[in-house]
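J.: The structure under discussion is supplied below as structure tokens; questions concerning it will follow.
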Amino acid sequence: MSLIYIVEDDKNISEIESFSLKNSGYDVLVYETADEFRHALKECLPSLVLLDIMLPDASGLDVVAELRENPVTKNVPVILVTAKTTEIDKVRGLDVGADDYITKPFGVMELISRVKALLRRSGESREEKNIRIGGIVLDTERHAVYADECLCELTHKEYELLKMLMQRAGIVTSREEILNHVWGTDFQGESRTLDMHIKTLRQKLGSAGGMIKTVRNVGYFLDNVMEQ
């Protein structure tokens with residue numbers, strides 16, 4: 001499931017965006033300032049960003065430029081949300097690296113359509129080469145995982161399990177959903193299989209394994225912050 005960051009200081013607008021996207025099946029996190037957004041990027045990369053062009057602590061154009069200059073975030077799709085309607089403002093946004101823009105006020109259907117189109121083009125379509133959360137780095141090109149800068153030897157299922165948890169960092173995923181995603185909908189084994197894989201995955205990740213949390217009778221999630 002795609003994770004979308006909304007960076008918007010107007011709560012009325014962010015609530016409309018968040019409600020619409022969640023109803024369309026997306027995971028959504030909302031930030032009111034550029035600083036909050038920058039901090040969130042260090043914990044987990046989103047699938048797409050809806051970025052207001054006028055934030056209280058920064059220009060959305062400057063934030064886009066920062067994203068494009070950083071090797072880790074340069075490929076994150078960005079839709080600028082702006083009240084400015086002049087052609088030069090739209091051109092400036094695209095020139096600094098935004099993928100699309102939407103002008104306030106906008107319709108919910110237009111918003112969802114633009115989000116879906118950009119995700120198709122970027123391929124959620126364009127999978128992150130590196131997913132970094134805390135001390136864990138998952139390199140999708142090399143199919144490799146590093147914990148505290150040490151290479152971890154994971155099985156295919158362990159890798160896919162970790163990848164799912166990292167892509168949904170901070171979000172509790174049910175046991176059934178994990179089993180269906182990693183083992184397939186036709187999996188006939190015991191759910192205890194998942195518990196054993198979680199146990200070995202935690203061990204192989206060393207101290208970073210503590211980031212994988214259990215929610216009793218529900219499922220698992222990857223915490224953004226390790227316990228000290």
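J.: Would you mind stating whether D195 is open to solvent by less than 40 Å² (accessible area, probe 1.4 Å) and either at pLDDT below 95 or among the polar types (S, T, N, Q) (or both)? It would help to see each step written out before you state the result.
T.: On the way: open to solvent by less than 40 Å² (accessible area, probe 1.4 Å): yes; either at pLDDT below 95 or among the polar types (S, T, N, Q) (or both): yes.
Yes; evaluated as a whole, the condition is true for this residue.
J.: Then there's this: From (1) modelled with pLDDT of 90 or more; (2) over 22 Å from V76 (Cβ atoms); (3) assigned to a helix (DSSP H, G or I), pick out the condition that doesn't hold for T214.
T.: So T214 meets the others, but not (3).
J.: So in the range 51-65, with the set limited to residues that are among the aliphatic types (A, V, I, L, M) and in a helix (DSSP H, G or I), which one is farthest from the chain's Cα centre (by Cα)? Can you show your working first?
T.: To start, the set of residues in the range 51-65 that are among the aliphatic types (A, V, I, L, M) comprises 51, 53-55, 58, 61, 63-65.
Still in the list and also in a helix (DSSP H, G or I): 61, 63-65.
Details: L61: 21, V63: 17, V64: 16, A65: 19 Å.
Once the filter is applied, the top-ranked residue is L61.
J.: Continuing with this model, one more query. Checking the structure you have, find out if any residue of the range 118-127 is at pLDDT 85 or above, farther than 30 Å from I212 by Cβ and over 18 Å from the mean Cα position of the chain (by Cα).
T.: No - not one qualifying residue is present in the range 118-127.
J.: Give me the pairs: first residue in the range 141-158 and among the acidic types (D, E), second residue in a loop (DSSP other than H, G, I, E, B) and open to solvent by 80 Å² or more (accessible area, probe 1.4 Å), beta-carbon distance under 8 Å, and six or more apart or on different chains, which are they?
T.: From residues that are among the acidic types (D, E), the pairs are E141/K129.
J.: Can you find, within the range 66-102, the residue that is modelled with the lowest pLDDT among those that are among the small types (G, A, S) and assigned to a loop (DSSP other than H, G, I, E, B)? Working first, answer last.
T.: First, pick out the residues of the range 66-102 that are among the small types (G, A, S): 83, 93, 97-98.
Now drop any that are not assigned to a loop (DSSP other than H, G, I, E, B), which leaves 83, 97-98.
Working: A83: 79, G97: 91, A98: 92.
Among residues in the range 66-102 that are among the small types (G, A, S) and assigned to a loop (DSSP other than H, G, I, E, B), the one modelled with the lowest pLDDT is A83.
Table: residues versus (1) charged (D, E, K, R); (2) open to solvent by less than 40 Å² (accessible area, probe 1.4 Å); (3) without any contact (Cβ under 8 Å) to a residue 40 or more places away in the chain; (4) not in a helix (DSSP H, G or I).
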site	(1), (2), (3), (4)
D9	yes, no, no, yes
S14	no, yes, yes, no
F19	no, no, yes, no
K22	yes, no, yes, no
G25	no, yes, yes, yes
V30	no, no, yes, yes
F37	no, yes, yes, no
A40	no, yes, yes, no
V49	no, yes, no, yes
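J.: Only one of these is of a type in the set (A, V, I, L, M) and under 30 Å from I178 (Cβ atoms): V108, V64, V76. Name it. Before the answer, list the steps.
T.: On the way: V108 fails: under 30 Å from I178 (Cβ atoms); V64 fails: under 30 Å from I178 (Cβ atoms).
Only one candidate passes the filter, namely V76.
J.: I would also like to ask the following. Among all residue pairs at least 6 apart or on different chains, which show Cβ distances below 6 Å where the first residue, located in the range 86-113, is free of Cβ contacts under 8 Å to residues at least 60 places away in the same chain and of a type in the set (V, I, T) and the second is open to solvent by 70 Å² or more (accessible area, probe 1.4 Å) and not in a helix (DSSP H, G or I)?
T.: Listed by first residue and then by second, the contacts come to T103/T85.
The values are calculated or read from the model by the stated rules, or taken from the named source; none is laboratory data. What you see is a predicted model; the values in this text were computed from it and never measured. As a convention, Cβ positions derive from the backbone with ideal geometry for all residues, glycine included, and neighbour counts pool all protein chains shown. Keep in mind that these areas ignore ligands, DNA and RNA; they rest on the heavy atoms of the full protein, side chains included. Shrake-Rupley method; radii C 1.70, N 1.55, O 1.52, S 1.80 Å.
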